[in-house]
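Student: Here it is, the structure in full.
Please treat every number below as a calculation from the coordinates, not as lab data. Since this is a predicted model, take the numbers as computed values, not measurements. Ideal geometry is used to build each Cβ from the backbone, glycine not excepted, and the neighbour counts take in all protein chains shown.
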Amino acid sequence: MKIREFKETDAEKIAKLSNDNSEVFQYESVTPDFLKRMWKNPNYKLFVLSEGSEVIGFCGVNIEALPIAELGPICVEKSRRMHGLGRLMMEDVFQFLEPLKPARVIIKVKTSNIDAQEFFKTLGFTKVEGVLCGGKPAILMQYGLEGP
């Protein structure tokens, strides 16, 4: 397993993985071109979990609104879940964020995505409030300072 920053050649694989799991994401469909545009944004980092040449997961982090960093999207291939790979990616993301010293790290998780809510709870995230994500009910979760 290797976690690395996104490369332009990952766009097709990540778009497919994202679209195969679209029920849990803000955007129901993403294109490789959309991902390439995000990659060019200096305030957005996309990390890739790979095994050999196979992309099996990814995690984005938006640092545009520091001191708040926002995670998302995050995904591990369905057949590879529950093996600590999401936690492994999050360790790398937090290592990346450490020198930036964000006061809070947040993520919006759709209320229907109970597995993700439980996953983030195990990492120390707490529920803050209800929000909308892609027009669907979601929970804002945070890690860091108390209060919104």
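Student: With the alpha-carbon atoms as the only input, what is the per residue convex hull volume for the chain in Å³?
Tutor: Value for the chain: 105 Å³ per residue.
Student: Now a separate question. Span-like helices, the chain: DSSP H, alpha-carbon axial extent 15 Å or more, mean Kyte-Doolittle -0.5 or greater, which ones?
Tutor: 85-97
Student: May I ask which of Lys2/Lys110; Lys40/Lys78; Lys40/Lys127; Lys45/Lys78; Lys13/Lys127; Lys40/Lys136 have a Cα-Cα span longer than 26 Å here?
Tutor: Working: Lys2/Lys110 28 Å; Lys40/Lys78 28 Å; Lys40/Lys127 31 Å; Lys45/Lys78 23 Å; Lys13/Lys127 31 Å; Lys40/Lys136 28 Å.
From Lys2/Lys110; Lys40/Lys78; Lys40/Lys127; Lys45/Lys78; Lys13/Lys127; Lys40/Lys136, over 26 Å: Lys2/Lys110; Lys40/Lys78; Lys40/Lys127; Lys13/Lys127; Lys40/Lys136.
Student: Additional query: Where both partners of a DSSP beta bridge lie in the chain, what percent of those bridges are antiparallel, to the nearest 5? Walk me through the numbers on the way to the answer.
Tutor: Numbers: 31 of 34 bridges.
Antiparallel bridges make up about 90 percent of those DSSP assigns within the chain.
Student: Just the Cα atoms of the range 18-82: what Rg and Dmax do they give in Å?
Tutor: So, for the range 18-82, Rg and Dmax equal 12.4, 35 Å respectively.
Student: Nearest 20 debye, what's the magnitude of the dipole of the chain about its Cα centre given +1 on Lys and Arg Cβ and -1 on Asp and Glu Cβ?
Tutor: Its charge dipole is roughly 80 debye.
Student: I need the Kirkwood Rh of the range 71-148: take the reciprocal of the average 1/r across all distinct C-alpha pairs and report it in angstrom.
Tutor: It is 13.2 Å.
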